[in-house]
Amino acid sequence: MRVTIHRRTRRGVALVALMASGALALSACSGDSGAMPNDDGGGDGDVEIRYAWWGSDDRHQTTQEIIDLFEEKNPGITVTPDFTDWDGYWDKLATATAAGDTPDVITQEERYLSEYASQDIVADLGELGVDTSEIPAETLATGTIDDTLYGVATGVNAYAMVADPQIFADAGVEMPDDTTWTWEDYVDVAGKLSKGAGDGVWGTQDYGFNEAGLAVLARQKGETLYTPDGELGLSKETVAEFFQVSLDLMANEGQPDASRSVEYQNAGPEGSLLGTNAGAMGVWWSNQLGALSDASGRELELLRLPGESQFERTGMYFKPAMYYSISATTEHPEESAKFVDFLLNDPEVAALQLTDRGLPSNTTVRESILPELTAADQKVAEFMEGLESDVVDNPPVPPQGSSEMQDIMIRINTEVLFGNLTPDEAADAFLKGVGAAIGG
Amino acid sequence: MAVIHEVARTRRAATEHRKGDGRAAALFLAPWFVGLVLITAFPLLASLYLSFTDYSLLRAPGWVGIENYTAMFSDPRFFQALKVTFTYVIVSVPLQLVAALGLALVLDKGLKGLAFYRSIYYLPSLLGASVAIAILWRQVFGADGLINQVLAFFGIEGQGWVSHPDYALGTLIVLNVWTFGAPMVIFLAGLRQVPTMYYEAAAIDGAGRLRQFRNITVPLLTPIIFFNLVLQLIGAFQTFTQAYIVSGGTGGPVDSTLFYTLYLYEKGFGSFEMGYASAMAWFLLLIIAGMTAVNFVASKYWVFYDD
Amino acid sequence: MTDAPVRRAAPSDSPAAPSSGAAGRGTPSLSEVAAAYPDPPARRRPAGPRLRRLGKHVALVVFGFVMLYPLLWMLASSFKPTALIFREPGLIPTEWDFSNYTEGWNALLDPFGHYLLNSAIVVLGSVLGNLVSCSMAAYAFARLKFRGRNLWFAVMLMSIMLPIHVIIVPQYILFSSLSWINTFLPLIVPKLLATDAFFIFLMVQFFRGIPKELDEAARLDGCGHGRIFLRIMLPLSLPALATTAIFTFIWTWNDFFSQLIFLTKPDMYTVPIALRTFVDATSNSSWGPLFAMSIVSLIPVFLVFLFGQKYLVKGIATTGIK
């Protein structure tokens, strides 16, 4: 026993060392296929591709219907779904990728696209021949890094102010003109709403936890979160100004105290101020209007963010809701490309999916579904159409490391709300934190 | 018993066949050993190797020596994570153990319907890590939650217990004590293992209940108390789920619940610094192993075994 | 094993030998062993402390309510339409809505029962694995003498000191190379191989609490380690085995991370993964169905605990040694 244990251990250690250095290196860069070995299609030309996405039950069901439709139209190709919620999705994708098991077709997001593109884990869709002729060039640019198309936007969203007209009416406050209102007006209106609407109803929900608001303000001032070469493009003044708005709103009680703001931030659309009829305004992605309207039971409106005519230019922009990408190591690039093509361009897909992955990026397809949309989604479509002519450009793909920005934003904004940092100090800390994240 | 022992000793002296149990041990340990070599060892040693690399999950690892370890010591958030975790361990482990032992004694015997109460009290520990929990906590500990409604009834203005940096960690400690179910069950099982004859003998000697508790229950329960202490300590150092849920994964508000493992997870999967995360993990292992070793040494002075 | 006088924890004199037969044959038979641990005497209940018992009950009920409030809230919410869960957070729904249960059951690609079944397979495999493999390892650590015992014990404990997040990737690579991804094998096989050190340690502690005279005697009577393990240690450790079974059940049932990573096809998903797919931070969340299915998935664990705890409570004497 003793002897065997010792001998076995020594051999075990050697094996482990070998595997540790070898296996990780191999699997991380070489191309094992996305499909599980035992799932590989047989010799009869049957091909199986794995499609991974995040979301909740509604999306899973419609996506399955879309997959069924695709399989019906493309006999010989089987699409295996692989879905989970947002947080789980990225852990799972990273782990599978580390082991060389990247799914064939993956959904990507702004904050992670650079990370995956930089290691050539996702393929050049232009090379694979995905038809993108009906997608506007500006939209395609949002998935292009160094002239390579790593992801095609499924659809677009805009970051917008959602307002509850009923609370405005109850409080006796007029809805602002969203093409002309300034950031000062916003603070002012929120304060009046809180006063007019009575106990437990607030003017607005704190906006400082999401960098998108900062992006809009920066763009209004001719700056940008990130430059096209992946540097920070913000001045300290702009960041400080951004945090100052929250402080002004707390001072005039236009928004809840720090503790409540933190709680509402964690509560999602359903538990938000708007969702629980406890607040008149809040900044959200346009595709969340449906969820907010359902939760609140009211007809909510979309407004542009304040300050659109206050500074140098407009700041509103279209953000790709998510991207379709294809694994660079897929064994079935052709079929995968065919599937992505289908997802992007088939009107029947759009009819099932509607705006669940953003307002479709394919403009012809977009037109075709307009009549089918719910009231809330029609509002979104109208709002986006109105925005079209005023959007100057869209921000470039955020650089590697930008997935950390949201956490940094949340942390520093909380410090500001609790009074631990002045807006000036917060701006310094923010720029330093994000700089380190994208630099290292 | 004494008689058996006497006989046993005579027999043993006569036969003199005992050496070691190597062969039997090999058999009994075979599954464990196979598991150790095939399943446990590789990931363990791989992570040790990775802790000396710049592994990012998406890229093959490159050797960087002790860079990750030195970087840890100039990372203020690393120290914040250590502070949070140590505070939590030192406060919550003893509290939870006392609660668990206390409840186990109350729910042990002598009252009708104890099975029901036991199950009820275990229920919170069944909840696990479901996403629903975050909502439940807000309902109870939120600024407008149940606790503050009760406090308001007494004219006290409460706080956002999970959303205020000064109180969030304390609230998590309370939450941990609240899920005392697991150690309680182990204590209950331990209490059942105490042979009743000891109590009977003690009762004949005229020992009161307190003395029985101190002289029989506690000594015979020490292996179980020790077990709970060691395992709760190991578990508390690795606390993740509660903090992840309550803070939405950020360790907030303002890093007040930035548990060590939460930070490590954030580094590994959020920032793609798996090398750094592995280094953190092995540093944690050293801490835990050290603590556990101290525990084992100390146990010689207070834990009673029958062998 | 030891030649030194056996150390007794109990302060009073060692109780006398259970039966005269022991001396005659040199070792006690197992039924005599059982007799050494008689049933706990039925407590007499005089009428006097009835009030005190009532007080105890009241205290236990009140405390129970505090313990249960969040759960009751979840139950109540499972009967509310999603939109009202946050707008009307009271404990009594103003509007009863049972559709969350039907909707939740059918919300995903397979009926929810499918995920319950998958979880059941994983859980039962794990329970079986832990019971067999951990108790075996524990017997070796608790009762056998072999070289390097302390060292191996330390190694065993060390294996639970690393957070899962740094070992999941190497684990995935390992299981992937075995083609085990998207099967239940990565979740069950490790349990069969005693990788859950928690339970080994737990049983070691319980085994060490069993008086050594019993197996010493059995050994002299010609019992091998296999028989001692099966006929003495296991029956006398029923509470520990029940604890192991219950905890393995609950923890596996609730374990999210490894199941998420190792299972990729939806028809292999287990309950924790299924529950997570009701809520997504970036799109609509179905809170109502989530609460409903959370309640549904709590029922099996609760029942297991309710039945299992009977065995925790059974004293050694009632475990039926034959």
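Quick one: if you stick a label point 7 Å off each Cα along the C-beta vector at residue B:90 and residue B:70, how many nm between them?
A separation of 3.0 nm, rounded to one decimal place.
Tell me, what is the FRET efficiency for residue B:295 and residue A:431 to the nearest 0.05, using R0 = 56 angstrom and their Cβ-Cβ distance as r?
0.75
Residue B:266: net charge of surrounding residues, Cβ under 13 Å, Lys/Arg +1, Asp/Glu -1, itself excluded?
After counting each charged neighbour, the total is -4.
Residue A:192: which aspartates and glutamates have alpha carbons under 19 Å from its alpha carbon, excluding same-chain residues fewer than 8 sequence positions away?
A:164, A:170, A:174, A:177, A:178, A:184, A:206, A:248, A:253, A:257, A:301
Towards the positive end of the charge dipole of the protein assembly as shown, with charges on Cβ (+1 Lys, Arg; -1 Asp, Glu), say which of A:433, A:60, C:195 has the farthest Cα.
C:195
Under 10 Å from the Cβ of residue A:418, count the other residues' Cβ atoms, weight Lys and Arg +1, Asp and Glu -1, and hand me the total.
Summing Lys and Arg as +1 and Asp and Glu as -1 gives -3.
Give the Cα extents of the stretch B:230-304 along the principal axes, in whole Å, largest first.
46, 27, 16
As an exercise, find the ratio Rg/Rh for the stretch A:201-309 from alpha-carbon atoms, using the Kirkwood inverse-distance average for Rh.
Here the Rg-to-Rh quotient is 0.99.
In chain B, which longest range has no trypsin sites (Lys or Arg not before Pro) that are both DSSP loop (not H, G, I, E or B) and surrounded by at most 12 other Cβ atoms within 10 Å?
Counting at most 12 other Cβ atoms within 10 Å as exposed, the longest clean stretch of chain B is B:113-307.
The stretch A:87-139: D in µm²/s via Stokes-Einstein (Kirkwood Rh, Cα pairs, 20 °C, 1.002 mPa s)?
170
Hey, if you put +1 on the Cβ of every Lys and Arg and -1 on every Asp and Glu Cβ in the stretch B:76-302, which of B:180, B:151, B:105 ends up farthest toward the positive end of that dipole?
Working it through, the farthest residue towards the positive pole turns out to be B:105.
Within the stretch B:159-195, name every residue whose backbone N is under 13 Å away from a label modeled 7 Å from Cα of residue C:56 along the Cβ vector.
The answer is none.
Averaged over peptide B:257-266, how many Cβ atoms belonging to another chain are found within 10 Å of each residue's Cβ?
For this peptide, the per-residue mean of nearby foreign Cβ atoms is 2.
Where is the GNM fluctuation largest for chain A (alpha-carbon springs, 10 angstrom cutoff): A:108, A:119, A:353?
A:119
With a Förster radius of 41 Å, plug the Cβ-Cβ distance of residue C:117 and residue A:231 into 1/(1 + (r/R0)^6) and report the FRET value to the nearest 0.05.
Once rounded, the FRET efficiency stands at 0.20.
What longest range of chain B stays clear of loop-exposed GluC sites (Glu not before Pro) (DSSP non-H/G/I/E/B, at most 12 other C-beta within 10 angstrom)?
Within chain B, the longest run free of exposed GluC sites (Glu not before Pro) spans B:158-307.
Report the one residue of B:42, B:63, B:212 whose Cα lies farthest in the direction of the positive end of the charge dipole of chain B (charges on C-beta: Lys and Arg +1, Asp and Glu -1; origin at the Cα centre).
Looking along the dipole axis, the top candidate is B:212.
Modelling each spin label as a point 7 Å along the Cα-to-Cβ direction, I'd like the residue A:368/residue A:392 distance in nm, to one decimal.
Each label point is offset 7 Å from its Cα along the Cβ direction, giving 3.6 nm.
What GluC sites (Glu not before Pro) in the stretch A:222-273 are in a loop by DSSP, with at most 13 other Cβ atoms within 10 Å of the Cβ?
Of the GluC sites (Glu not before Pro), the ones in loops of the stretch A:222-273 whose Cβ has at most 13 other Cβ atoms within 10 Å are A:231.
Give the Rg (one decimal place) followed by the Dmax (whole number) of chain A, computed from C-alpha coordinates and expressed in Å.
24.0, 87
Could you work out which residue, out of B:263, B:198, B:55, moves most in a Gaussian network model of chain B, that is, has the largest mean-square fluctuation with Cα springs under 10 Å?
Judging by the Gaussian network model, the answer is B:198.
Run the simple label-point estimate for residue B:174 and residue C:124 please: 7 Å along Cα→C-beta, distance reported in nm.
4.2
Mind checking which lysines have their Cα closer than 18 Å to the Cα of residue C:265? Skip sequence neighbours fewer than 8 apart in that chain.
Excluding near neighbours in sequence, the set is A:92.
Using only Cα atoms and rounding to the nearest 10 degrees, what angle (0 to 90) does helix A:2-29 make with the longest principal axis of chain A?
60
How big is the Kirkwood radius of the protein assembly as shown, worked out from every pair of different alpha carbons and given in Å to one decimal?
It is 31.3 Å.
Dipole of the protein assembly as shown, Cα-centred, from +1 at each Lys and Arg C-beta and -1 at each Asp and Glu C-beta, to the nearest 20 debye?
Dipole magnitude for the protein assembly as shown comes out near 10140 debye.
Using bins 5 angstrom wide from zero, how does P(r) for the stretch A:321-375 break down, in % of all Cα pairs?
Over the stretch A:321-375, the share of Cα pairs per 5 Å bin runs 4, 19, 28, 19, 13, 10, 4, 2, 0 percent.
Step by step: find N for the stretch C:139-186, compute 2.2 N^0.38 Å, then divide the Cα radius of gyration by it. What's the final number?
After normalising by residue count via 2.2 N^0.38 Å, the value is 1.59.
For the stretch B:76-302, what is the per residue volume of the convex hull drawn over the alpha-carbon atoms, in cubic angstrom?
That works out to 150 Å³ per residue.
Could the peptides B:39-45, C:294-300, C:64-70, C:129-135 be put in order, highest first, of the mean number of other beta-carbon atoms found within 10 Å of their residues?
Final packing ranking: C:129-135, B:39-45, C:294-300, C:64-70.
Using θ = phi - 60° and the Karplus relation 6.51 cos²θ - 1.76 cosθ + 1.60, list the HN-Hα couplings for the stretch B:237-245 in order, rounded to whole Hz, with x at every Gly or Pro.
Here the 3J(HN,Hα) series is 5, 9, 3, 9, 4, 4, 5, 4, 5 Hz.
Residue by residue through B:108-115, how many Cβ atoms from other chains fall within 10 Å of the Cβ on average?
4
Using only atoms on other chains, find how many Cβ atoms lie within 10 Å of each Cβ of peptide A:145-158 and report the average.
0
Please report, to two decimal places, log10 I(q)/I(0) for the stretch B:180-307 at q = 0.09, 0.13, 0.21 Å⁻¹ as given by the Debye formula with identical point scatterers on the Cα atoms and no solvent.
The calculated log intensity ratios at q = 0.09, 0.13, 0.21 Å⁻¹ are -0.43, -0.71, -1.17.
A 32 angstrom limit on the alpha carbon distance is what I want to check against. Which of B:109/C:212; A:221/A:379; B:83/C:212; A:221/A:338; B:83/C:310; C:56/C:80 exceed it?
Going by Cα-Cα distance, B:83/C:212; A:221/A:338; B:83/C:310; C:56/C:80 fall outside the 32 Å limit.
Express as a percent, rounded to the nearest 5, the fraction of DSSP beta bridges in the protein assembly as shown (both residues included) that run antiparallel.
65
Using the beta-carbon distance between residue B:211 and residue C:65 and R0 = 41 Å, what value does 1/(1 + (r/R0)^6) give for FRET efficiency, to the nearest 0.05?
0.75
Read-outs: derived from the displayed coordinates by stated rules, not from any lab. Everything numeric here is computed off the predicted structure, so don't read it as measured data. Neighbour counts are summed over all protein chains in view; Cβ atoms, including those assigned to glycine, are modelled from backbone coordinates with ideal geometry.
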